[in-house]
1. Within the range B:26-34, identify whether any single residue is closer than 16 Å to A:Val44 by Cβ and at pLDDT below 90, and answer yes or no.
2. When you look at B:Ala77, is it within 8 Å of chain A (Cβ to nearest Cβ), out of contact with any Cys (no Cβ under 7 Å at 6 or more places or on another chain) and open to solvent by less than 20 Å² (accessible area, probe 1.4 Å), yes or no?
3. Those residues that are aliphatic (A, V, I, L, M) and over 14 Å from the mean Cα position of the chain (by Cα), I need them from the range B:95-111; list them, please.
4. Tell me whether the range B:109-122 contains one or more residues that are closer than 16 Å to B:Cys81 by Cα, in contact with a Ser or Thr (Cβ under 9 Å, 6 or more places away or on another chain), modelled with pLDDT of 95 or more and among the acidic types (Asp, Glu).
5. So in the range B:91-111, with the set limited to residues that are among the aliphatic types (A, V, I, L, M) and within 11 Å of another protein chain (Cβ to nearest Cβ), which one is nearest to A:Gly72 (Cα to Cα)?
6. Which pairs turn up if I take residues in the range A:59-72 that are open to solvent by 40 Å² or more (accessible area, probe 1.4 Å) and look for partners that are of a type in the set (Phe, Trp, Tyr) with beta carbon separation below 7 Å, at least 6 apart in sequence or on another chain?
7. Give the residue that is nearest to B:Lys134 (Cα to Cα), with candidates limited to residues of the range B:83-110 that are part of a helix (DSSP H, G or I) and open to solvent by 70 Å² or more (accessible area, probe 1.4 Å).
Number of protein chains: 2
Amino acid sequence: MPTTARWAATLTLTATAVCGPLGGTALAAPGPGPSALYAPSALVLSVGHGHSAATATAERAVTLNCAPTASGTHPDAPRACAELRETGGDFDALSVRAGAMCTKQFDPVVVTVDGVWQGKRVAYERTFANECVKNSYGMNVFTF
Amino acid sequence: MPTTARWAATLTLTATAVCGPLGGTALAAPGPGPSALYAPSALVLSVGHGHSAATATAERAVTLNCAPTASGTHPDAPRACAELRETGGDFDALSVRAGAMCTKQFDPVVVTVDGVWQGKRVAYERTFANECVKNSYGMNVFTF
C-alpha cells in the first residue's frame, strides 16, 4: 500500500473512532466506507435472446467487481477487469478476438451492462447477431 | 430438487451432450448456462450524495447475487436477498426498520439498484434525506 493510501486509511479509521460516538447511533454516523480510498467499479452483465433489452428476458446475469480487487460471478473477473481498464471502461472500444470463427446464423442476443465504473454510472446495451459473435467481442468481458 | 427440476437438468445435460458437437466450435454452441435451471438475480447497488443519480457521483457500490446462492460484496448478502425475496423484488415495498432514530439533517443521498431480479431488468433509484434514513429503510438491503 503506498504511503499516502496508508495515511488515508489511518486517518479514516481515526476519524471513525473519534467521530463515531458523537454521531449518536451507529446508523447516524455517515461512515466514509471504501469510497474514501478508491472509486467503486461494480457491474452486472446480462444476456438474453432478442433484439433489445426492453423485450429480451435476461437468461444469464453475472456480477463483476474491479475495485479494489477483481471478483464476482463473472467466469474470468481478473481478465475482464484488465480489458476494461485498458479501454478506460469504454465498452464500444473493446477489440474483437483475433481468429474468431462464427456462423452467420441470425439468432440475436442482447447484452446489457449496468452499475458503476470508477464512480460513474454505466448503462450499456449491445445486440449481436448470435452468441458466437458476442463471445468474440472483447476477449473475456462478454464471455459469460 | 423437485422431480421436474431434476428432469429439466437431465434433459439439458443430455441436449448439450448430443447437440454440442454438432454446433461446430465451442463458441458457436449456444450453451444453456445456468439460465436453464433458475432465473438470474444479480444487482449492483450504489450510493452517492445528491438529489438524483443523474448528478450524484457513486461513492460506494456493491454487488448482490441472490441465485443460485447469496453472494457479492454487499456486507450481508444472505439477509439482503431474503428481504428482497419477501417483497418479490419490489424495492418500494421494503419495510422501515422499527425503532430507527435519525436526525432531520438534510444531506440527501441517492441509492440506485441496477441489474436483474429473477430474469427481469431492474433500474431503481431512491433519494433519502440522509444516510441514517437510508440505512433504516429495509433491514439490510440498503445498509452498505
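1. The initial filter retains those residues of the range B:26-34 that are closer than 16 Å to A:Val44 by Cβ, namely B:33-34.
Going one step further and asking which of them are at pLDDT below 90, we end up with B:33-34.
Yes, the conditions are met somewhere in the range B:26-34.
2. Details: within 8 Å of chain A (Cβ to nearest Cβ): no; out of contact with any Cys (no Cβ under 7 Å at 6 or more places or on another chain): yes; open to solvent by less than 20 Å² (accessible area, probe 1.4 Å): yes.
No.
3. From the range B:95-111, those aliphatic (A, V, I, L, M) are B:96, B:98, B:100-101, B:109-111; that's our starting set.
Once the filter is applied, which keeps residues that are aliphatic (A, V, I, L, M) and over 14 Å from the mean Cα position of the chain (by Cα), the range B:95-111 yields B:Val96, B:Ala98, B:Ala100, B:Met101, B:Val109, B:Val110.
4. Yes - at least one qualifying residue is present in the range B:109-122.
5. Kept after step one, since they are among the aliphatic types (A, V, I, L, M), are these residues of the range B:91-111: B:93-94, B:96, B:98, B:100-101, B:109-111.
Those left that are additionally within 11 Å of another protein chain (Cβ to nearest Cβ): B:100-101, B:109-110.
Details: B:Ala100: 32, B:Met101: 34, B:Val109: 26, B:Val110: 24 Å.
Per the criteria, the residue is B:Val110.
6. Once the first residue is open to solvent by 40 Å² or more (accessible area, probe 1.4 Å) and sits in the range A:59-72, its partners that are of a type in the set (Phe, Trp, Tyr) give A:Pro68/A:Tyr38.
7. Restricting attention to the range B:83-110, the residues satisfying the condition of being part of a helix (DSSP H, G or I) are B:83-86, B:91-93.
Restricting the remaining residues to those that are open to solvent by 70 Å² or more (accessible area, probe 1.4 Å) gives B:85-86, B:92.
On the way: B:Arg85: 20, B:Glu86: 19, B:Asp92: 13 Å.
In this case the residue turns out to be B:Asp92.
Rundown of residues vs (1) more than 10 Å from every other protein chain (Cβ to nearest Cβ); (2) under 12 Å from the mean Cα position of the chain (by Cα); (3) closer than 23 Å to A:Ser46 by Cβ, yes/no style:
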| site | (1), (2), (3) |
| --- | --- |
| B:Ser41 | no, yes, yes |
| B:Ala67 | no, yes, yes |
| B:Gly89 | yes, yes, yes |
| B:Val113 | no, yes, yes |
| B:Thr127 | yes, no, no |
| B:Asn130 | no, no, no |
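The values are calculated or read from the model by the stated rules, or taken from the named source; none is laboratory data. This one's a predicted model, so the numbers in the text were calculated from it and none came from an experiment. Ideal geometry is used to build each Cβ from the backbone, glycine not excepted, and the neighbour counts take in all protein chains shown. Each accessible area value is taken on the protein alone, full model and side chains, heavy atoms only, with ligands, DNA and RNA left out. Shrake-Rupley method; radii C 1.70, N 1.55, O 1.52, S 1.80 Å.
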